[in-house]
Amino acid sequence: MQKPVNSPTLSSSSTAEDRADYIVARLEQFIRDGRKDEQGMSFDKWKQMARSEIAIAVTEAELSQQHDELHSKRVLFVAASSMITIGFWGTVTSLDKIDYLVGAVICGLAGILLILAVGDWRIRSWSERRQAKKRREILNRIEGLNKRIKRLEKELDAEADEYEDLMKKATRRRKSMSFSDG
């Protein structure tokens, strides 16, 4: 695919709006190259809507990436802290410097904290996948509704054309009958 002549270039530090402008410019070139004479929304309105939607999508993707990094760092920190705690108190207990029960409780709490952190990370990941699946299903339903609406519009237009033809025929008949009567 050729790069549009007037499209902006992207760098690794481009903002979401820059990326959206780039994508819109590519789409604009594609539409202009393959334009057809059909009714629809104006290109400027489409361009504005597409830019807005793409910017939102890119921003959401960036936020999701930052969110994942935050959870990964949290799990890594809790895992390191738990392992150090378990190692330290396990060593203290094995050297008979502390009662076994106290050492076991401390190590158990550190292990439970580690399990909770990893579990929270996995549950959030599962929840985010489930929400993404719901969004895809909703978008598919909306797309299906749009297709049905367009099909119904075409059917209504065809029906309106049929009624117009019938009205024209009825008017011609009425005129021809009034001429033959007079």
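Throughout, read-outs are computed from the coordinates displayed, never taken from laboratory work. Everything numeric here is computed off the predicted structure, so don't read it as measured data. Here Cβ is always computed from backbone atoms with ideal geometry, including for glycine, and neighbour counts include all displayed protein chains.
Data for the structure
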| quantity | calculated |
| --- | --- |
| Whole-percent pair-distance distribution, where bins are 5 Å wide, for the alpha carbons of the range 129-182 | 5, 16, 10, 11, 8, 9, 7, 6, 7, 5, 5, 3, 3, 2, 1, 0 |
| Cut-off 13 Å between beta-carbons: net charge of the residues surrounding residue 135, Lys and Arg +1, Asp and Glu -1 | +2 |
| Magnitude of the charge dipole, the range 42-177, Cβ model with Lys/Arg +1 and Asp/Glu -1, debye to 20 | 1040 debye |
| Inter-label distance for residue 159 and residue 147, nm, one decimal - labels placed 7 Å from Cα along Cα-to-Cβ | 2.2 nm |
| Value in Å of the Kirkwood radius, where the range 42-177 supplies the Cα pairs that are averaged | 21.8 Å |
| Rounded FRET efficiency, nearest 0.05, which uses the C-beta distance separating residue 50 from residue 84 and R0 of 35 Å | 0.10 |
